[in-house]
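Remarks on the structure that follows.
The values are calculated or read from the model by the stated rules, or taken from the named source; none is laboratory data. These numbers come from a predicted model, not from an experiment. Cβ atoms come from the backbone with ideal geometry, glycine included; neighbour counts cover every protein chain shown. Quick note on the areas: whole protein, heavy atoms, side chains included, nothing else; ligands and nucleic acids left out. Shrake-Rupley method; radii C 1.70, N 1.55, O 1.52, S 1.80 Å.
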Amino acid sequence: MSDISISAAFEACRANGQSALIPYITAGYPTRTSTVQVLDALANHGADVIELGIPFSDPLADGPTIQKSSFVSLENGTTVEGVLEDLRVFRKHSDIPIVLFTYLNPVLRYGLTSFLADAEAAGASGLLMTDLPSGSDPELESEVITSPLDLIRLVAPTTPLNRVPGVASGGSGFLYYISRTGVTGTRSKLRDELEGELTSIKSAVGMPVAVGFGISTGEQAAAAGAVADGVVVGSALIQTLERGGVAEASQFLTSLRLALDRPS
Amino acid sequence: MTENPSPMRSDRFGAFGGRYVPETLIRALDELNDAYDQARGDTEFQAHLSTLLADFAGRPTPLYHARRLGEAVGHGALYLKREDLNHTGAHKINNTLGQALLALKMGKQRIIAETGAGQHGVATATACALFDLDCVVYMGEEDVDRQALNVYRMELLGAEVRPVGSGTRTLKDATNEAIRDWVTNVETTHYIIGSVVGPDPFPRMVRDFQSVIGREARAQLLEVLGQLPAAVVACVGGGSNAIGIFHDFIEDEEVQLIGVEAGGAGLETGQHSASLAAGMPGVLHGSLSYLLQDPDGQVAPAHSISAGLDYPGVGPEHSFLKDTQRAQYSFVTDDAALDAFHQLSELEGIIPALESAHAVAHVIKHGSEYDGPLLVCLSGRGDKDVAHVARIEGRGSLL
């Protein structure tokens, strides 16, 4: 596991009056061997925590961009084991916390117990599985919760407020607030209700809250970051990687960092 | 989770089933669960559904003594439950009428569905026309090409068909896309899932709507023969017609329940859809069940001559019935199903759906081994498959 915990990374941001910048990338995209290089670029251009996607053949919570990066990655021959190996290499020279982002089935097939142990040994700090909502599988959830990895929980606009504390209590690191109903992907505009929703979620839980889904510009990141403790950017980043490789992705992340840190 | 959930509220069949979905859908599943529990005990709802099944769908469907096929197979008491005679040509309408009524009850005006061969899409579009609901059907691009007539049929009924070009471009990917739509539009939309798959409460709800098949067949057999069948045989893709005909026989321990999966080009080729025979437990589309997958947990592409069975997963209750050995599952190849398609057509004047032909193929091969009456679910008619079979047999120029 990283020397810096996810909580410590958020704490450091808070102390600096910043919102955490959390980029998402799909491992093995655009090429099987590009993962470490892309992770390095993110770490060097303003990321505080990184979500590293382990691709799944049926990413039903993802929009077209991450579907495509997942399919390309699988065609490139990416495996769970391969992603953990990439992480191990990256961890030798960086201590930025990594959250593994995936679906349940690849983890189940690998074996949950082995996966948790191997992911920790490779240097992962947290685990997010989009198809394991709170309460869906108490035995499995508790094995993740009692492991050294933080279980990153998600809350959606459709989550009743009285369910939020229960969802959050099983998680650690940060709580992920989904900015709108829907799948991952860029949107031209954030919902007007977002600020109010975030404020009530934050008062209901005792951990940092990051917001993601649909954040694709510096302006949106700044607006979300003004209320949230962290901002997740995925599809828009993948699109820059697709268009202009690591150089353009680095530039894009720098622009997000600047937008987040600009005094409002 | 409560410590001692009542059996009715349990979201699982043994270890199988569950609700492995994005958080965004949890509230909708809770609402659906509540609406469904209420509808179960609502005499007005049930009376409305019964009337529709009778007047609109054409139930009860006949139980037919297939004498010539029985003679050919060496079995004198072979009975077909004629779900092919339902309105829209298959058992799918039993479920779509029930779920559309439920959508009305929940105040949802927009319906989405996935379809493989198009049968469930047509049945959903039909229910939506009847109740004046907006209808969007997701269908893999490959199936849109294979089943062009059903696409037009859905459009005639006022539905919008959205081709799905991602992944394997078949039923699995159409289901992914329907779930993505539901996650996005959950507040206005009900998802009419077409089989006993998906997150709870879908598998038990669809089973309950389909259990009219077995309830009728059991009573009809008892009336005609005064005895229960030795075995009940049905094809299994997701498994809704099979669960529908099995359900009322589950407590009759002397009755064998036989599910027939699509063996495609043969299990050894990897080109098949036999999830129960060759898969391992895994999570797809919201539930834990047997699943065709590779050693890295990626879902493996399925194959079947019949688009309706071309699915790498299977309903969680079938996984439970397999593991508890209450039901046995076998498989037949594309070639055997094609042969059964012809035999039933020639011997009985009934052109079966290629899906249903799998159940018939099992009886052709193993019928003589059963001692006692055999009940076979003829889940759908084969009109939709005629062009496909003609193409396979080099007669495409006729069409």
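Miscellaneous remarks
- Some residue of the stretch A:125-137 being at the interface with chain B (Cβ under 8 Å from one of its Cβ atoms) and under 21 Å from A:Ala228 (Cα atoms): yes
- Failed item, numbered, when A:Pro30 is tested on (1) closer than 19 Å to A:Arg243 by Cβ; (2) under 16 Å from the mean Cα position of the chain (by Cα): (2)
- Some residue of the stretch A:192-207 being open to solvent by less than 20 Å² (accessible area, probe 1.4 Å), within 26 Å of B:Trp182 (Cβ to Cβ) and hydroxyl-bearing (Ser, Thr, Tyr): no
- Test: B:Arg82 is away from every other protein chain (no Cβ under 14 Å), of a type outside the set (Ser, Thr, Tyr) and in contact with a Ser or Thr (Cβ under 8 Å, 6 or more places away or on another chain): yes
- Elements of type strands (runs of 3 or more DSSP E) contained in the stretch B:282-399, each with 3 or more residues being open to solvent by 30 Å² or more (accessible area, probe 1.4 Å) and within 28 Å of B:Asp208 (Cα to Cα): B:327-333
- Residue-level analysis places A:Lys92 among those that are more than 12 Å from chain B (Cβ to nearest Cβ) and either at positive phi or not β-branched (Val, Ile, Thr) (or both).
- Scoring B:Val21 on the criteria (1) assigned to a loop (DSSP other than H, G, I, E, B); (2) more than 14 Å from chain A (Cβ to nearest Cβ); (3) among the aliphatic types (A, V, I, L, M) leaves a single failure, condition (2).
- Leading residue by the ranking (farthest from B:Ala337 (Cα to Cα)) among those in the stretch B:218-241 that are among the polar types (S, T, N, Q) and assigned to a helix (DSSP H, G or I): B:Gln220
- Answer from A:Gly214, A:Gly230, A:Gly225, A:Gly218 - the residue that is touching a Ser or Thr at 6+ places or on another chain (Cβ under 8 Å) and within 20 Å of A:Gly63 (Cβ to Cβ): A:Gly214
- Within the stretch A:146-169, the set of residues being under 14 Å from A:Gly206 (Cα atoms) and either open to solvent by 50 Å² or more (accessible area, probe 1.4 Å) or touching a Pro at 6+ places or on another chain (Cβ under 9 Å) (or both) comprises A:Arg153, A:Pro165, A:Val167, A:Ser169.
- Some residue of the stretch B:35-49 being open to solvent by 10 Å² or more (accessible area, probe 1.4 Å), closer than 30 Å to A:Tyr177 by Cα and within 14 Å of chain A (Cβ to nearest Cβ): no
- Of all residues making up the stretch B:186-236, the number that are open to solvent by less than 30 Å² (accessible area, probe 1.4 Å), under 28 Å from A:Thr158 (Cα atoms) and either among the hydroxyl-bearing types (Ser, Thr, Tyr) or within 14 Å of chain A (Cβ to nearest Cβ) (or both): 10
For (1) touching a helix residue (DSSP H, G or I) at 6+ places or on another chain (Cβ under 6 Å); (2) assigned to a loop (DSSP other than H, G, I, E, B); (3) touching a residue at least 12 places away in the same chain (Cβ under 8 Å), each residue gets a yes or a no:
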position	(1), (2), (3)
A:Asp95	no, yes, yes
A:Leu108	no, no, no
A:Leu132	yes, yes, yes
A:Gly135	no, yes, yes
A:Leu140	no, no, yes
A:Gly166	no, no, yes
A:Tyr176	no, no, yes
A:Arg187	no, yes, yes
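- Residues (within 23 Å of B:Ser166 (Cβ to Cβ) and either away from every other protein chain (no Cβ under 11 Å) or among the polar types (S, T, N, Q) (or both)) located in the stretch A:38-74: A:Glu51, A:Leu52, A:Gly53, A:Ser57, A:Thr65, A:Ile66, A:Gln67, A:Ser69, A:Ser70, A:Val72, A:Ser73
- Taking the stretch A:142-164 as the range and being assigned to a loop (DSSP other than H, G, I, E, B) and more than 10 Å from chain B (Cβ to nearest Cβ) as the test, the residues that pass are A:Thr146, A:Ser147, A:Pro148, A:Leu149, A:Ile152.
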